[in-house]
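Let me begin by presenting the structure, written as structure tokens, before commenting on it.
The values are calculated or read from the model by the stated rules, or taken from the named source; none is laboratory data. These numbers come from a predicted model, not from an experiment. Because the Cβ atoms are built from the backbone with ideal geometry, glycine has one as well, and the counts that use them run over all protein chains shown.
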Amino acid sequence: MAQDYTPVPAAKENMGQPIARYEALQKVTGAKIYADDLPVPGRPAYAWMVTSGIAKGRITSIDDSAALAVPGVQMVMTHENRPPLGDAKTFSSGGLAITELAPLAGPEVHHDGQPVALIVADTFEAAREASFKLKIAYTEDTPTATFGSPGATQKNLKEVNPSFEPIRFNDAGAALAGSAHTIDSEYYTPIQHHNAIELFSTTAYWDGPRLVLHEPSQFVWGLKNAAAEQLQTDSETVRIKSPFVGGAFGSKAAMTHRTALAAMASKQLGRPVKLVAMRDQGFTHSGHRQETRQRVRLGCDASGKLTGYDHTQWEFTARTTPYSNGGLEKTAAMYDFKAVKSDNYVVQGDRNVPTFMRSPAEVPTVYALEAAMNELAAEAGIDPVEFRKMNDTRVDPVKGVPYTSRSLNQCLDAAAERFGWSRRNPQPRSMRQGEWLIGWGCSMAMYPTQMSPSTARVTLKRNGTASIEVAAHDVGTGCYTIAAQAAGERLGIDPTRISVQMGDSRLPPGPVSGGSISTASVTSAVANACDRLNERLGLPADATADQRRAAIAAMSMPELDATGSWFPAELDQKAVDALYEGGVRIVGGSTDKRAMYAFGAEMVEVRINERTREVRVPRIVGAFAAGHIMNPRTAHSQYLGGLIWGIGSALHESTEIDHKRARYTNDNIAEYLIPVNADIGEVDIIMVPEVDDEINVLGVKGIGELANVGTPAAITDAIWHATGIRIRDLPVRIEKLL
Amino acid sequence: MRPFHYDKPATATDAVTNFRPGAQYFAGGTTMVDLMKLDVMKPARLIDISGLEKGRYDFIKWSGKSLRIGALTPMTKLADDDKVRARVPMLSDALWLAASPQIRNMARIGGNVLQRTRCPYFRDTSYEQCNKRKPGSGCAALDGGVTRHHAVLGTSDKCIATYPGDFAQALVALDAVVEILGEDGPRSLRFADLHVLPEARPDRETTLAPSDLIIAFSIEDADFPRSKYLKIRDRESYAYALASTASALRMDGNTIADVRLGLGGVATTPWRAREAEAALRGGPATEAQFARAADIAFAGASTTDENAFKVELGKRTMVRSLLETARMEG
């Protein structure tokens, strides 16, 4: 039988070793412990969160008598009887709460699925049974569901985010008017939900004044401080344990209502309380990627050089908390534009608050830019790969700052060679096999290199082993293994002899695991701690492995530790101090000093049945350059997952919403479609070597959110190439091609 | 979950004679347990028929060109049966293209044909309106709801919920007969008469009495080597049909001697396109004829803005399925 697995990618220039992640065997055998699996002291009680079945209105009465009469039921908490809570700031105000709305704040209902009661019982089954017997009566108002719904209100992003500036770089209108070729297109991207396999769970218990929370988290120090703020307790008394995260993609960064609900219930009952939002509740409990509308006008001169670029984005968000991703300052940095204009609006309705979702701003905005690039290339009669190469830039044209490194053209060349792009007949509907139309498309992928301050403690033992402690998070990326590799390189120790602890707020603070910042930030702090250890051992920076071994063996104490810290060049020590209060300082993309981005090129083949129009993706090639690659194996895994995600984003993923009721209808993973194995053909990944000595200690660019950016533009272009039909609203479903 | 009683009778006769109101049979439980968790089905008593008489109802028997299949046969077993694959590939296809391997291993074919609709307003009790779940409460789908997946054939002004299954399209096309054990003893029923149109009472989905137990399906003439099931959906596997066709042809030279058509994903019940079959019988197997038959099959369609595409997609699916069937060895 043919071997059908991906071989371990070899390390190329400027790459670490492709070692397997430490926990691989435990993960594939189910032995690994996640937050909800951690043992608790004593017999836990089980909570069921009752959520609203309307999107807008008011609770008029609650009758909990029948629910309380179910044997085993311990409590029913509603807005009428919940203990007082403090305010919790949202992310945009420097906090971590997903919404400005406090849990069980009052009788008003602001969105579908809003928690309206918590039932706690000795067993899960009793809590669930009681939920059927809790009587809540509402008066219902007409909700606003999405774009075009009655009652939707539009604001300039500047009104809700004062730091936002619309871009006015030269005169884009004039530049477009004077262009030889222009396009003017509108795009739509849908609501998407993360749907991590691990559900949103929280287990809470108190030991006197001390609160322990077992909760999968992308930011344990942030959650510890945010939970303390909401529960009005000292953050030093709160501990978060989240040893591994079973998928997050942004959905486990913010603090949701369940944290305070479980903590309050546990305090009242004096025993541990376990709370899990069910799959359907997960659609409204944390956030989602909000739907966008975008209009792009783009022009080039007769030779194909870009002229003006005018991009407007409308994001649909919540009335309660106008979360926005923005992102147009990043698309404006991508090519050698002569003039740029961009505007961003938020449109508000009666919905739960959106949140970060893998490449939050980039997935929608780069899709629109890259789809426009493909359309303009076709309009100008230029090959789309060549068109991108001829408009490459060494500086962010708007900010005028240089890229620290940029290897887009190398990625385009590498992908084109592997894909066989030169054989593409530019004519639409020119390729077919039997009744299957064939099309090829391409796109750029990019992600800003973002970094955050981090600390880390490294302990060196005389027996030649070491340990690392940092409150970073392994969200499935291999972060434990990479931290050990960073220390191993610095200390001259085999990484398998270095143990790593993460995911516990007792550890020295690390950054939020979002924005693809972990590897760059954590390895920089680990390297700093190792440098301090080397100094204390009296070792020069260029010490040989033998010198290091000798120095360690000669240590007078059994162990030696050092706490290191690191912050990006744009920040100072204060940003490190802020970590201890759960503060988030992220620097990346274009600053006033430099432009920092990772790039990629993606090429895809689609096959479309001429009659029934289903779209298949037999092969995709992605070439990526992202500075120093710590571990080609885990990097390959990130790129692989990203490309598959990108295919899903183009063809499958979409949360359907009832326009009359403002409620999500496909809130389960049978009908919220992501690609299955059978949808994925050949996925070919090329890691293009790139050196960036300036960006951070190890020259690392984050890659977790790179590969799924741009893919939908490559696929829609391939669909156009196959059929002659331009689809500008995602996902591409069969009915759009009939 | 609500508390319930659990029985595991030894024989089919015990199961039927001890049946009480409010009880529900289950074998694989792949639809019913989900719906119990969602509080859509609230049986007071579950009667586990998965082990009745040590596999007596788990069988595939051929007698000449007649086929008889026990109701407790797992989907996987029937799908993978060599003789079924060779003699009537449509039956096997319809099972392979359904659900996931885990579900196919658990689910039995008797329960398979009784699976409930995926209409979101039926499956979520927080919606007040659902005539199928709460007779007389209205239809949220028709009242401004999401209807992309809903039916275009066999609908009523009370309900447009789609029958979600695949296997039933093959059974209805093959003139299958349902063998039932009821309180008054055994009887049989044309498969085509098992499901009923929603009309004024979408809560009534079949002609079975609650205590009726399906014990087997029989197909008098199951010899259709030139047959297939084509399923068009939003992804390659593990998705419900947007449109599907079970098609079988018997040729007499270039003339269609017999043709069978079952349509899935587009109708409120398993759907036999009899008028389209009549238009094809005795004529040539050409694309033009197939297209004409497809127009006939969907002539009575009733659509919403979101599901109107199913008429065109349904026709194209039927034509493609017939073309591919015609190219098969027969």
Members of segment A:593-647 that are part of a strand (DSSP E or B) and either at positive phi or free of Cβ contacts under 8 Å to residues at least 24 places away in the same chain (or both): A:Gly627
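Pick from A:Asn708, A:Asn696, A:Asn668: which is within 14 Å of chain B (Cβ to nearest Cβ), assigned to a loop (DSSP other than H, G, I, E, B) and either more than 30 Å from B:Asp305 (Cα to Cα) or within 23 Å of the chain's Cα centre (by Cα) (or both)?
A:Asn668
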As an exercise: evaluate A:Pro84 against (1) more than 13 Å from every other protein chain (Cβ to nearest Cβ); (2) modelled with pLDDT of 95 or more; (3) touching a Phe, Trp or Tyr at 6+ places or on another chain (Cβ under 8 Å) and give the number of the one condition it does not meet. (3)
Could you check how many residues of segment A:121-143 are closer than 20 Å to A:Ala262 by Cα and basic (Lys, Arg)? 1
Of the listed residues (A:Lys133, A:Lys155), the one being under 29 Å from A:Ser93 (Cα atoms), among the charged types (D, E, K, R) and surrounded by 15 or more Cβ atoms within 10 Å (Cβ to Cβ) is A:Lys155
More than 24 Å from B:Pro43 (Cβ to Cβ) and either within 14 Å of chain A (Cβ to nearest Cβ) or touching a Cys at 6+ places or on another chain (Cβ under 9 Å) (or both): does that describe B:Ile232? yes
So for segment A:712-731 (the condition being within 14 Å of chain B (Cβ to nearest Cβ) and under 26 Å from A:Arg279 (Cβ atoms)), does at least one residue qualify? yes
Taking segment A:140-199 on its own, how many of its residues are assigned to a helix (DSSP H, G or I) and over 30 Å from A:Asp280 (Cβ atoms)? 9
B:Val172 in a strand (DSSP E or B), farther than 19 Å from B:Cys130 by Cβ, in contact with a helix residue (DSSP H, G or I) (Cβ under 8 Å, 6 or more places away or on another chain) and aliphatic (A, V, I, L, M): no
Output the number of residues of segment A:105-130 satisfying the condition of being in contact (Cβ under 8 Å) with a residue 60 or more places away in the chain, within 13 Å of chain B (Cβ to nearest Cβ) and of a type in the set (D, E, K, R). 2
Subset of segment A:158-191, residues exposed (fewer than 14 other Cβ atoms within 10 Å of the Cβ) and not small (Gly, Ala, Ser), comes to A:Glu159, A:Pro162, A:Glu165, A:Arg168, A:Asp184, A:Glu186
Of the residues B:Ser237, B:Ser244, B:Ser218, which is within 14 Å of another protein chain (Cβ to nearest Cβ), surrounded by fewer than 20 Cβ atoms within 10 Å (Cβ to Cβ) and either in contact (Cβ under 8 Å) with a residue 24 or more places away in the chain or among the aromatic types (Phe, Trp, Tyr) (or both)? B:Ser237
Residue selected from segment B:10-30 under the condition over 15 Å from B:Ala71 (Cβ atoms) and part of a loop (DSSP other than H, G, I, E, B), by the criterion farthest from the other protein chains (Cβ to nearest Cβ): B:Ala10
Among the residues of segment A:638-649, is there at least one that is more than 8 Å from every other protein chain (Cβ to nearest Cβ), surrounded by fewer than 21 Cβ atoms within 10 Å (Cβ to Cβ), farther than 30 Å from A:Gly57 by Cα and not acidic (Asp, Glu)? yes
Options B:Ser218, B:Ser211: the member that is assigned to a loop (DSSP other than H, G, I, E, B) and on the phi < 0 side of the Ramachandran plot: B:Ser211
Out of all the residues in segment A:601-620, is one or more away from chain B (no Cβ under 13 Å), closer than 30 Å to A:Pro495 by Cβ and crowded, with 21+ Cβ neighbours inside 10 Å? no
Where A:Thr563 falls short, out of the listed (1) outside any strand (DSSP E or B); (2) modelled with pLDDT of 95 or more: (1)
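Can you say whether B:Cys130 is without any contact (Cβ under 8 Å) to a residue 12 or more places away in the chain and surrounded by 24 or more Cβ atoms within 10 Å (Cβ to Cβ), as far as the supplied structure shows?
Numbers: without any contact (Cβ under 8 Å) to a residue 12 or more places away in the chain: yes; surrounded by 24 or more Cβ atoms within 10 Å (Cβ to Cβ): yes.
It is true that B:Cys130 is without any contact (Cβ under 8 Å) to a residue 12 or more places away in the chain and surrounded by 24 or more Cβ atoms within 10 Å (Cβ to Cβ).
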Restricting the search to segment B:176-208, which residues are part of a loop (DSSP other than H, G, I, E, B) and on the phi > 0 side of the Ramachandran plot? B:Glu199
Test: A:Val475 is crowded, with 18+ Cβ neighbours inside 10 Å, touching a residue at least 60 places away in the same chain (Cβ under 8 Å), of a type in the set (Val, Ile, Thr) and not assigned by TED's automatic domain parsing to the domain that holds A:His214: yes
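What about A:Arg506, is it of a type in the set (D, E, K, R) and in contact (Cβ under 8 Å) with a residue 60 or more places away in the chain?
Against the criterion (of a type in the set (D, E, K, R) and in contact (Cβ under 8 Å) with a residue 60 or more places away in the chain), A:Arg506 qualifies.
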In this structure, does A:Glu291 turn out to be surrounded by fewer than 24 Cβ atoms within 10 Å (Cβ to Cβ) and out of contact with any helix residue (DSSP H, G or I) (no Cβ under 8 Å at 6 or more places or on another chain)? no
What are the residues in segment A:218-248 that are in a loop (DSSP other than H, G, I, E, B) and hydroxyl-bearing (Ser, Thr, Tyr), if any? A:Thr233, A:Ser242
Flag if A:Pro397 is closer than 24 Å to A:Ser654 by Cα and in a loop (DSSP other than H, G, I, E, B): no
What is the one condition in (1) closer than 22 Å to A:Phe147 by Cα; (2) assigned to a strand (DSSP E or B); (3) acidic (Asp, Glu) that A:Glu653 does not satisfy? (2)
Can you tell me which residue is farthest from the other protein chains (Cβ to nearest Cβ) among those in segment A:653-665 that are surrounded by fewer than 22 Cβ atoms within 10 Å (Cβ to Cβ) and under 23 Å from the mean Cα position of the chain (by Cα)? A:Thr655
Kindly evaluate A:Ser242 against the criterion of being over 25 Å from A:Tyr367 (Cβ atoms), polar (S, T, N, Q), in contact (Cβ under 8 Å) with a residue 24 or more places away in the chain and buried (at least 22 other Cβ atoms within 10 Å of the Cβ). yes
Among the residues of segment A:131-175, write down those that are free of Cβ contacts under 8 Å to residues at least 24 places away in the same chain and of a type in the set (Val, Ile, Thr). none
Condition first: more than 14 Å from chain A (Cβ to nearest Cβ) and out of contact with any Ser or Thr (no Cβ under 6 Å at 6 or more places or on another chain). Now tell me which residues in segment B:285-325 satisfy that. B:Ala285, B:Thr286, B:Ala288, B:Gln289, B:Arg292, B:Ala293, B:Asp295, B:Ile296, B:Ala297, B:Ala299, B:Gly300, B:Ala301
